[in-house]
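The values are calculated or read from the model by the stated rules, or taken from the named source; none is laboratory data. None of these values were measured; they are calculated from a predicted model. Glycine gets a Cβ as well: all are built from the backbone with ideal geometry, and neighbour counts include every protein chain shown. The accessibility values were calculated without ligands, DNA or RNA, using every heavy atom of the protein model including side chains. Shrake-Rupley method; radii C 1.70, N 1.55, O 1.52, S 1.80 Å.
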Amino acid sequence: MNTYKMGLQSFFALVEALEQIPAIGKKSAQKIALTLSTEDKFLGLKVAHTLEEATRNVRICEKCLGLSESEVCEICLDSTRENGELCIVAHPKDIFTIEAMGEFRGRYFVLDSKAHMQDIDFALLARRIESENIVEVIFALSPTLANEAIMLFVEDALQNTNLRFTKIAQGVPTGIGLDSIDQLSLSRALSARVKI
């Protein structure tokens, strides 16, 4: 196998590169590498080109810390989204998830999901809240103890404002049996029950 591998250095270099992508294991990396390098070379070239373009053009928005291809993203530039709501998310990909629903019409602020509380750019957040007349900060963070601490920390840091702080509801997902739900979600669903 080693001599065979030595004769396919570029193929196995591609496999190793693909394996470094989160959620792609060795077998998946080999399948993808095989597809891109032999079975569909046009797709391979297209992926290479779009990857090069994305790494050259995609950057972090200076206002919300989400993804953009210019200094300020389209959401932050959209004047119709000036409704006083600022949704705080953990990662830029969370914006995609919320935007896919098409229901939220406010703006966003991204916390680095790997950052510690002391790394949060409160100066940028405070400027944003003041300049955009934000009245409600909505936390759209997954229900973990660390995120609960972050919510309390942000709320405490902004306590001298007249903001309303809310968080997205958590509980029982539609179509899931109670035996498939973790204890924390079920507990929250019971405590946040609504009248029918």
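Only one entry of VAL172, VAL154 meets the criterion of being in contact with a helix residue (DSSP H, G or I) (Cβ under 9 Å, 6 or more places away or on another chain) and at pLDDT 85 or above, and that entry is VAL154.
Going through (1) part of a loop (DSSP other than H, G, I, E, B); (2) more than 30 Å from VAL72 (Cα to Cα) one by one, PHE12 falls short only on (1). The set of residues from the stretch 143-191 being farther than 22 Å from CYS87 by Cα and of a type outside the set (A, V, I, L, M, F, W, C) comprises THR174, GLY175, GLY177, ASP179, SER180, ASP182, GLN183, SER187, SER191. Please tell me if GLU53 is charged (D, E, K, R) and open to solvent by less than 70 Å² (accessible area, probe 1.4 Å). For GLU53, the condition - charged (D, E, K, R) and open to solvent by less than 70 Å² (accessible area, probe 1.4 Å) - is met. If only residues of the stretch 6-43 that are among the charged types (D, E, K, R) and open to solvent by less than 80 Å² (accessible area, probe 1.4 Å) are counted, the one that is nearest to LYS93 (Cα to Cα) is GLU19.
Taking the numbered list (1) assigned to a strand (DSSP E or B); (2) open to solvent by 60 Å² or more (accessible area, probe 1.4 Å) in turn, ALA146 passes all entries but (1).
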